[in-house]
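Undergrad: Sharing a structure here in structure tokens format.
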Amino acid sequence: MKLKKKLVIVITAVCLVFRPMPLHADQSIPETAQDASQPAGQEPAGNNAVRLALDSQNCYDGMDKPYSQGYVPRVEGGSVYLVAPILSSGTVKDQCLRVSLDLGDTQNTPFVVKNYEKNIRLQQVSVNGGSGTAECYVAAFSLELSAERCNGSYPVVVKANAEGETGNEVTQEFTIYVNITDGKDPNAGALADEPVQEPEAPPVFAPKVMVQSCQFSKPDIQAGDEVTADITLVNTSRTQAIRNMTVTVTAPAEQFTLMSQSDTVYIDALAAGGTVTVSYQFQINAAAPQGQYDLELAMDYADTKGNSYTAGGKARVSVEQLLSLQFDPLVIPAQVEVADVIEVSAQVMNLGRSKVYNVRAVIEADGLTPQGTIFIGDVEPGTMASAGTQVTVSSMSEDGRLYGATEGTVTFYYEDDAGREQTESMTFVTSIQSPFSGDTQVQEEEKGQWWIIMAVIGGVLGAFAALIIVRKVRRRQQDETVEEILEA
């Protein structure tokens, strides 16, 4: 009997000596440990192969005890909260692990079957109730339990995948057991007449992220401008912080071109009630129609327990199109007479890319009285329009003159899509004549023609008188010659 007791003591001592020691957060994994990324029985290539293991010595947030003391995931409110702190013996590419869960047989599992997979980054966290820190990949999951779950112990396989600096793939699996005690008794038959009343799960309020404000680098944004949008986000939760948040922006592709290097911004942490600003640069198309456009934001983040959430928001930007109009000179005669009623027309061409509204022209000039405003109306982009009115001519009342040149002004009024009015003016000149100026000219012309006729008649009579005198002189000379011959 004494020999049997001694043999038991020896065997126990040997087991204690050769028992594998757990890994601490501040310890490295021994080089003799087999690389999980290598097939069974195959040694890892080189001494820099990465090895993964669970931290069994420290107690992390969400755990009641470390793995070395028999940690069991907490079951509460119809969910299982599982924490798997993973240590690495070497450097992992991008310091990021891809962690997923295998829930086992879907027929008998107590869990609601979903795809549980997330990226876990290396972080420095507090452990053991804040008495220390550890650099670790903390994979935390919240597993929803089925309403028809049965009591028992169920294995959950945690699969970790990564890539070492040398490009070798690292894969490790950890099996964690979950104890279900608030479900059905698997050995008791279901009572057909008595429905089982399930306990109501307490509501879990997710932290919400919303768009608080948006500021642009220019107060008035025109089509063709390059602008920067500073969008401020706020964590509306007063108690829960946010981790690992990504913000992705989407803008109308036909009107906006993203000038930033990426459409996604990464935010490591956002405290409860805190704010953060993300910035994006855009080039607005010169042909973008005037109006409001939405910059849509998609946010993906997690709470401190590792639960993943998504949210969305919008930031609005107003884009204006620069109006470009060309007005032709006012069509009006160069000379007008008092009491005339003339037709005056105005013409406009829309050279811009936006519709112009309520185009009209107002004529102001001394001696000219229009019947009213020339209303041209709405003008579409790339088109021309015109309209006219009748103008009554009267004598002038300024500068003490009744007639002569008068300089007038035509003012064009028009509005954009927002109803804002703009104006443009130009001048014109015309000459106002007396209503009797035409008769005076005729009388002067007739008077001038009378003197010409009288002069012609006078010339003809003078020539005729000279001819008579010449004839009389010649006849007298002939008579004297005849008398001299007769006397001789």
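The values are calculated or read from the model by the stated rules, or taken from the named source; none is laboratory data. Quantities reported herein were computed from a predicted structural model and do not represent experimental measurements. Every residue, glycine among them, receives a Cβ derived from its backbone with ideal geometry; neighbour counts consider all protein chains shown. Quick note on the areas: whole protein, heavy atoms, side chains included, nothing else; ligands and nucleic acids left out. Shrake-Rupley method; radii C 1.70, N 1.55, O 1.52, S 1.80 Å.
Undergrad: So, in nm, how far is label Gln124 from label Ser308 when the simple model puts each one 7 Å beyond its Cα toward the Cβ?
TA: 2.8 nm
Undergrad: Let me ask another. Multiply the residue separation of Val157 and Glu117 by 0.36 nm, subtract the distance between their alpha-carbon atoms, and state the gained length in nm to one decimal.
TA: 13.2 nm
Undergrad: For the stretch 171-179, take each phi angle, set θ = phi - 60°, evaluate the Karplus expression 6.51 cos²θ - 1.76 cosθ + 1.60, and give the result in whole Hz per residue in order, putting x for glycine and proline.
TA: 9, 9, 10, 10, 9, 10, 9, 10, 9
Undergrad: Suppose the chain between Ser217 and Asp185 were pulled fully straight at 0.36 nm per residue; how much longer would it get relative to their current alpha carbon spacing? Don't jump to the answer; show the numbers that get you there.
TA: On the way: separation 32, 0.36 × 32 = 11.52 nm, distance 6.51 nm.
Full extension from Ser217 to Asp185 adds 5.0 nm.
Undergrad: Shifting gears a bit: Which whole-Hz ³J(HN,Hα) couplings does the stretch 390-405 yield from phi under the Karplus relation 6.51 cos²θ - 1.76 cosθ + 1.60, θ = phi - 60°, glycine and proline marked x?
TA: Values, residue by residue: 8, 10, 8, 9, 9, 6, 6, 10, 9, 6, x, 10, 9, 10, x, 6 Hz.
Undergrad: Using amide H atoms built 1.01 Å from N in the peptide plane, name the residues 5+ places from Ile432, or on other chains, whose amide H lies under 5 Å from its own.
TA: Under 5 Å from the amide H of Ile432: Val336, Gly404, Ala405, Thr406.
Undergrad: Right, another one. For the stretch 76-157, calculate the relative contact order in percent as a whole number, restricting contacts to Cα pairs under 8 Å that are 6 or more residues apart.
TA: Averaging sequence separation for qualifying contacts and normalising by length gives 43 percent for the stretch 76-157.
Undergrad: State the extension gain, in nm to one decimal, for the chain segment bounded by Thr248 and Ser146, taking 0.36 nm per residue of separation less the distance between their alpha-carbons.
TA: Extending this stretch completely gives an extra 33.3 nm.
Undergrad: Students often check this: by mean Cβ neighbours within 10 Å, which of 100-107, 269-276 ranks highest, and how do the rest follow?
TA: 269-276, 100-107
Undergrad: What FRET efficiency, computed as 1/(1 + (r/R0)^6) with R0 = 30 Å and r the Cβ-Cβ distance, is obtained for Glu415 and Val234, rounded to the nearest 0.05?
TA: It comes out at approximately 0.20.
Undergrad: Could you give the nm distance between label points at Ala463 and Thr257, where each point is 7 Å from its Cα heading toward the beta carbon?
TA: Those two pseudo-labels are separated by 9.0 nm.
Undergrad: For Ser324 paired with Gln281, estimate the spin-label separation in nm (one decimal), with each label point 7 Å from Cα along the Cα-to-Cβ line.
TA: Distance between the two pseudo-spin positions: 2.6 nm.
Undergrad: Further question on the same structure: Local charge sum around Arg98 (other residues, Cβ-Cβ under 12 Å, Lys/Arg +1, Asp/Glu -1)?
TA: Working: positive: Lys93, Lys118, Arg121, Lys159; negative: Asp94, Glu117, Glu163, Glu169.
Charge balance near Arg98 sits at 0.
Undergrad: Next question. Let me check I've understood the local charge: for Met259, count other residues with C-beta under 12 angstrom from its C-beta, Lys and Arg +1, Asp and Glu -1. What total comes out?
TA: Residues close to Met259 contribute a combined charge of -3.
Undergrad: Tell me, rounded to the nearest percent, the portion of alpha carbon pairs in the stretch 258-325 spaced more than 20 Å apart.
TA: 46 percent
Undergrad: Remind me, relative contact order of the stretch 294-423 in percent, using alpha carbon pairs under 8 angstrom and six or more residues apart?
TA: That works out to 23 percent.
Undergrad: A follow-up question, please. Using a 1.4 angstrom probe, figure out how much accessible area the stretch 217-318 has per residue, in square angstrom, rounded to the nearest whole. Display every interim value, and only then the final one.
TA: On the way: 5130 Å² over 102 residues.
That works out to 50 Å² per residue.
Undergrad: Show me the three semi-axes of the equivalent ellipsoid for the stretch 362-434, from the C-alpha gyration tensor (sqrt of 5 times each eigenvalue), largest first, rounded to whole Å.
TA: For the stretch 362-434, the semi-axes come out at 30, 12, 10 Å.
Undergrad: Could you report the stretch 62-202's accessible area per residue, 1.4 Å probe, as an integer in Å²?
TA: In whole numbers, the stretch 62-202 has 56 Å² accessible per residue.
Undergrad: Then there is this: Please give the peptides 360-367, 255-262 ranked by average Cβ packing (other Cβ atoms within 10 Å per residue), highest first, as a rough proxy for protection.
TA: Packing proxy ranking, top to bottom: 360-367, 255-262.
Undergrad: Let me ask something else. How large is the convex hull of the Cα atoms of the stretch 64-161 per residue, expressed in Å³ as a whole number?
TA: In the stretch 64-161, the Cα convex hull volume per residue is 115 Å³.
Undergrad: Moving on. Go through 457-464, 420-427 and give me the packing order, highest mean Cβ count within 10 Å leading.
TA: Descending packing order for the listed peptides: 420-427, 457-464.
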